[in-house]
Amino acid sequence: MKYPEELDFLRAGRLPQKYSSEPMNGKVCVITGATSGVGYETAIRLAKAGATIVTIVRSKDKAAKLKEEIRAISGKEAHCFIADFTDLEQVRNAAEAIVAAYQNIDVLINNAGLHMTTRQLTTEGHEVVFCVNHLASFLITAILLPTMIRSAPSRIIQVNSEGHRFNGLRLNDLTWDKRRYKGLQGYGASKTAQLMTVWELHDLLQGTGVTINAMHPGAVKSAIGTNNGLLYNLYSRYIIQPMLKSPVISGEALYYLASSPNMNGISGKFFNLTNEEISAKHARDREMGKKIFEISQELTHTKIDPIR
Ligand SMILES: NC(=O)c1ccc[n+]([C@@H]2O[C@H](COP(=O)([O-])OP(=O)(O)OC[C@H]3O[C@@H](n4cnc5c(N)ncnc54)[C@H](OP(=O)(O)O)[C@@H]3O)[C@@H](O)[C@H]2O)c1
């Protein structure tokens, strides 16, 4: 059956998944948001395959628990750097500490993310979801990039979402001053911005040996949205969660994208788990993408200019 472009996610969502059993010994993998859901399963999968796990997480207690689990699984020490992604200064410090500690970085998985039903601003004045889901991942990528270029071939994977289809991105209103905040659109704005910057980075990284792709990790059980109060939690627990799959499938998919030789040199794509998919048309607006790339550099005080 031929689906129209807008419904390509239905086609991609039905395809069988691909798996990798490629070992990851000696590979340094940085993954954000590894304390829960998608990121947790991915970190465990990578650790089981011998990778060195480096994370940026916001909770010291959760970091200690994660380190203990990874030590038990792999006998290796995971390295957890602490940062709350609503504070870009903390994110910058953590990312700079990572590049100071590691000569090589083989894989970066920007996974940390959230969904909010209400508009909140960070102390710097960014809308929280836009800051955590997009600006923080942009900043980490910018800071880790020189090391990843030196470590090439290396891979960047942005954990995006089919939720980018909700859009909501307006260049003249990133903080939702001019509109009533809608959670799904706020989430869609952040994921659209991230996706647009993937295409820009893909072009900039030509010839460097660093690939960048985005992926939707499936509709899976996780803690996402549980920050939105009792009513949302009850709705999520009893209505949404029973329909969702285990985040183990997300961990396997990210493992495939991070490790499979089939992914050598593949870049600038959007995957539904492990299958390539056409993203929403608005996210392929390259003119707007160039503007959001510039704005993201300004807001994170970065200048991405890969030296080949
Ligand atoms: N679950 C799905 O069905 C689904 C579908 C599409 C896309 N996604 C994407 O998958 C990614 C992972 O989400 P998930 O479903 O696994 O949700 P999750 O279980 O809530 O995990 C989110 C992770 O991000 C971290 N995080 C959230 N806010 C943060 C902040 N301010 N500073 C630092 N870390 C923060 C969380 O840390 P704590 O443990 O400290 O809270 C946690 O480790 C997100 O990018 C999400 O948009 C998920």
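The values are calculated or read from the model by the stated rules, or taken from the named source; none is laboratory data. Since the structure is predicted, the reported quantities are computational estimates derived from the model, not experimental observations. With ideal geometry, Cβ positions are generated from the backbone for all residues, glycine too; neighbour counts draw on all protein chains shown.
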- Condition met for Ile224 (assigned to a helix (DSSP H, G or I) and out of contact with any Pro (no Cβ under 7 Å at 6 or more places or on another chain)): no
- Test for Thr32: is it crowded, with 22+ Cβ neighbours inside 10 Å and over 20 Å from Ser246 (Cβ atoms): yes
- Message: Take the conditions outside any helix (DSSP H, G or I), within 16 Å of the ligand (Cβ to nearest atom) and at pLDDT 95 or above and apply them to Thr141. Does it pass?
- Response: no
- Show the residue pairs that are 6+ apart or on different chains and have beta-carbon atoms under 8 Å apart, the first residue being within the stretch 5-16 and farther than 12 Å from Phe271 by Cα, the second being surrounded by fewer than 13 Cβ atoms within 10 Å (Cβ to Cβ) and of a type in the set (D, E, K, R). Glu5/Lys281; Glu6/Lys281
- Message: So Ile109 ticks every box in (1) within 11 Å of the ligand (Cβ to nearest atom); (2) out of contact with any Leu (no Cβ under 9 Å at 6 or more places or on another chain) but one. Which box is left unticked?
- Response: (2)
- Message: For the structure I just gave you, tell me whether Thr117 is over 24 Å from Pro23 (Cα atoms), of a type in the set (Ser, Thr, Tyr), part of a loop (DSSP other than H, G, I, E, B) and in contact (Cβ under 8 Å) with a residue 60 or more places away in the chain.
- Response: yes
- Item | Among the residues listed as Ser161, Ser190, Ser151, the single one being among the small types (Gly, Ala, Ser), surrounded by 19 or more Cβ atoms within 10 Å (Cβ to Cβ) and either under 24 Å from Asn264 (Cβ atoms) or more than 16 Å from the ligand (Cβ to nearest atom) (or both) | Ser151
- Message: Can you list residue pairs whose Cβ atoms sit under 6 Å apart, with the first residue in the stretch 234-254 being in contact (Cβ under 8 Å) with a residue 40 or more places away in the chain and outside any loop (DSSP other than H, G, I, E, B) and the second being among the polar types (S, T, N, Q) and within 11 Å of the ligand (Cβ to nearest atom)? Count only pairs 6 or more apart in sequence or on different chains.
- Response: Gly251/Thr42; Leu254/Thr42
- Note on the structure: When every residue in the stretch 194-231 that is among the aliphatic types (A, V, I, L, M) and touching a Phe, Trp or Tyr at 6+ places or on another chain (Cβ under 6 Å) is compared, the one nearest to the ligand (Cβ to nearest atom) is Met215
- So is Lys290 under 28 Å from Ile105 (Cα atoms), more than 16 Å from the ligand (Cβ to nearest atom), among the basic types (Lys, Arg) and crowded, with 16+ Cβ neighbours inside 10 Å or not? no
- Task: Name the residue, out of Ile70, Ile44, Ile105, that is buried (at least 22 other Cβ atoms within 10 Å of the Cβ) and not in a loop (DSSP other than H, G, I, E, B).
- Result: Ile70
- Task: Return the total of residues in the stretch 47-67 being in a loop (DSSP other than H, G, I, E, B), within 19 Å of the chain's Cα centre (by Cα) and either among the acidic types (Asp, Glu) or more than 9 Å from the ligand (Cβ to nearest atom) (or both).
- Result: 1
- Using the structure shown, decide if Lys303 is more than 16 Å from the ligand (Cβ to nearest atom), part of a loop (DSSP other than H, G, I, E, B) and of a type in the set (Lys, Arg). yes
- Query: Among all residue pairs at least 6 apart or on different chains, which show Cβ distances below 7 Å where the first residue, located in the stretch 150-163, is farther than 16 Å from Gly33 by Cβ and the second is within 9 Å of the ligand (Cβ to nearest atom) and at pLDDT 95 or above?
  - Reply: Glu162/His216
- The lone condition Glu89 fails out of (1) more than 18 Å from the chain's Cα centre (by Cα); (2) under 30 Å from Asn264 (Cα atoms); (3) in a helix (DSSP H, G or I) is (2)
- Report, ordered by the first and then the second residue, all pairs with beta carbons closer than 6 Å, sequence separation of six or more or different chains, a first member in the stretch 267-290 that is touching a residue at least 24 places away in the same chain (Cβ under 8 Å) and part of a loop (DSSP other than H, G, I, E, B), and a second member that is crowded, with 17+ Cβ neighbours inside 10 Å and of a type in the set (S, T, N, Q). Ser267/Thr211; Lys269/Asn213
- Message: Ile224 - would you say it is more than 17 Å from Val198 (Cα to Cα), of a type in the set (A, V, I, L, M, F, W, C) and modelled with pLDDT under 95?
- Response: yes
- Ala258 vs (1) touching a Lys or Arg at 6+ places or on another chain (Cβ under 7 Å); (2) away from the ligand (no atom under 16 Å from the Cβ): all pass except (2)
